[in-house]
Protein chains: 2
Amino acid sequence: MMTSVLDVLKERASVKEYDKDAVITKEELTELLDITTQAPSAWNLQHWHFQVFHSDEAKAALLPVAFNQKQIIDSSAVIAVLGDLKANENGVEVYSELAEQGNITEEIKQTLLGQINGAYQNEQFARDSAFLNASLAAMQLMLAAKAKGYDTCAIGGFNKEQFVKEFDVSERFVPVMLISIGKAVKPAHKSNRLPVSQVSTWL
Amino acid sequence: MMTSVLDVLKERASVKEYDKDAVITKEELTELLDITTQAPSAWNLQHWHFQVFHSDEAKAALLPVAFNQKQIIDSSAVIAVLGDLKANENGVEVYSELAEQGNITEEIKQTLLGQINGAYQNEQFARDSAFLNASLAAMQLMLAAKAKGYDTCAIGGFNKEQFVKEFDVSERFVPVMLISIGKAVKPAHKSNRLPVSQVSTWL
């Protein structure tokens, strides 16, 4: 198990071939999700929901929706990361707790909720925010898994319309990505990256 | 400096009050960005670009665009994370390198580029992908900074239209977030999170 942060950040790489016999427990998955939810989010609205495909039956149901990629059933679990298109509706719970704890006044709470609900009148803003904040959590999840000795793969290739229908996803959520989690059968192949000089501009 | 991965993942929190005298060097920022670009991206298209506000002048120019938040000038640097709306155009470079190295055939390269360019005909897909993949890198950046002894804050509150105009952002890119980086003057305030049971569904 890797314990140096920089090693984990540098060495995490996508793994598509997993040990079919490896098991991850519900307790381990819950711990990973607990760490995942420590990711930041705009206004602390926590624009994420996780659908956990853990049982063989659940993974088998997901397989055709994910274009029959073998990693869906060979990995130990697959977590679908959904983005919340109405994350503003979390505002009341998040800010009521802060107000009850005396960290903010009732007036500040109402001002914040007003700003948040105002911003969410814009559908494109809501969608951008869902993808942005759910993806922050997704990266946190992949790194937490690596730190606990698991490998992962972020999967964008799945039928999103079919996913929503098959797994009763409410209209409130949009599927962002699937993440397979398991034990690699061989070391991950490190992919190339464009140089920093090419992807940055200094002001 | 924290070296345990799980500690870093759990303890990173948004810091808005920075030591004005703390300095981060260009070498350190470049190392952070190098680690940042190890984040995964769909088809390895690396849908990110970083505008680095490092000089006092650059941060002063950014200040009004970011609603005069003091952290913009008190932090040691601010990195604007942009998402690439035409990340498909990176495909040729990414896959030509793989083909030259003999990792894929010319035929597979052409098939992949065809699929990628096909997907990018859909503007909503392109925008979702820009936010998604740039945000994976943003989370990686915040954790890399924490691992190197710096604190950060992801900032969604800035005038995006003004940002694009002021800093000559090409139409190819969309501003996703700003990230302030520096030395905290007091420990970060840990914010509350909704419980895992509330944000997950098990199948």
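The values are calculated or read from the model by the stated rules, or taken from the named source; none is laboratory data. Keep in mind the model is a prediction, meaning the values are calculated, not measured. Cβ: placed from backbone, ideal geometry, glycine included. Neighbour counts: every protein chain shown. Note: accessible area is taken over every heavy atom of the protein model, side chains too, but ligands, DNA and RNA are not part of it. Shrake-Rupley method; radii C 1.70, N 1.55, O 1.52, S 1.80 Å.
Its residue count N sets the reference 2.2 N^0.38 Å, and the alpha-carbon radius of gyration of the stretch A:108-203 equals 1.47 times that reference. A 1.4 Å probe run over the protein chains yields, for chain A, 43 Å² of accessible area per residue, whole-number rounding.
With a 1.4 Å probe rolled over the protein heavy atoms of all chains, the accessible area of A:Val92, A:Val196 falls in the order A:Val92, A:Val196, largest first. Only helices enter the 222 nm calculation for chain B: every DSSP H run of n ≥ 4 contributes -39,500 (n - 2.57), and dividing by all residues gives -13500 deg cm²/dmol, rounded to 500. For the pair B:Leu203 and A:Glu57, label points projected 7 Å from Cα toward Cβ lie 1.4 nm apart. In the assembled protein chains, B:Ser197 presents an accessible area of approximately 100 Å² (probe radius 1.4 Å). The magnitude of the dipole of the protein assembly as shown, with charges of +1 and -1 set on the Cβ of Lys/Arg and Asp/Glu and taken from the Cα centre, is near 280 debye. Here's how it looks for A:Ser76: its modeled amide H is under 5 Å from those of A:Ile181, A:Gly182, A:Lys183, which are all 5 or more places away or on a different chain.
When only alpha carbons are used to place a centre, the stretch A:38-61 and the stretch B:95-159 end up 21 Å from one another. For B:Asn159, the distances from its label point to the matching points in the remaining copies are 4.7 nm, ordered from shortest, with each point set 7 Å beyond Cα toward Cβ.
Ranked by solvent-accessible area (1.4 Å probe, protein heavy atoms only, all chains present), the residues B:Asp74, A:Asp7 order from largest to smallest as A:Asp7, B:Asp74. Other protein chain C-beta atoms within 10 Å of residue C-beta, averaged over B:39-51: 5. Among the helices of chain A, those built from whole DSSP H runs whose Cα atoms reach 24 Å or more along their own axis and whose mean Kyte-Doolittle hydropathy is at least 0.0 are A:123-147.
Taken residue by residue and averaged, Cβ atoms of other chains lying within 10 Å of the Cβ of A:188-195 number 5. Here is the size of the protein assembly as shown from its Cα atoms: Rg then Dmax, 20.4, 63 Å. Coupling constants for the stretch A:10-24 follow from the phi torsions by the Karplus curve (6.51 cos²θ - 1.76 cosθ + 1.60, θ = phi - 60°), and in residue order they are 7, 9, 4, 8, 6, 10, 10, 10, 10, 6, 4, 8, 6, 10, 10 Hz; glycine and proline get x.
Per residue of A:137-143, count partner chain C-beta atoms within 10 Å of its C-beta, then hand back the mean as an integer. Before the final figure, lay out the partial values.
On the way: counts 3, 5, 11, 8, 2, 5, 8.
Average neighbour count from other chains, rounded to a whole number: 6.
In the stretch B:18-124, the alpha-carbon atoms span a convex hull of 127 Å³ per residue.
Close amide H contacts of B:Leu85 (hydrogens built in the peptide plane, cut-off under 5 Å, sequence separation of 5 or more or a different chain): B:Phe173, B:Val174. What is the helix-to-structure angle for B:56-65, meaning the angle in degrees between its Cα long axis and the longest Cα principal axis of chain B, kept from 0 to 90 and rounded to the nearest 10? With both axes taken from Cα atoms, the answer is about 80 degrees. With viscosity 1.306 mPa s and temperature 10 °C, the Kirkwood radius over alpha carbon pairs of chain B converts through Stokes-Einstein to a diffusion coefficient of 86 µm²/s. Around the amide H of A:Ala39, modelled in the peptide plane, lies no amide H under 5 Å away from a residue 5 or more places distant or on another chain. Sorted from nearest, the other copies put their A:Gln124 label points 1.4 nm away, the label point being 7 Å from Cα in the direction of Cβ. Of the cross-linked pairs A:Lys26/A:Lys165; A:Lys16/B:Lys16; B:Lys20/B:Lys160; B:Lys86/B:Lys165; B:Lys109/B:Lys160, those separated by over 31 Å at the C-alpha level are A:Lys16/B:Lys16; B:Lys109/B:Lys160. Considering only beta bridges that DSSP places wholly inside the protein assembly as shown, some 85 percent are antiparallel. Phi angles of the stretch A:80-86 translate, via the Karplus equation with coefficients 6.51, -1.76, 1.60 and θ = phi - 60°, into HN-Hα couplings of 8, 9, 9, x, 8, 7, 10 Hz per residue; Gly and Pro are given as x.
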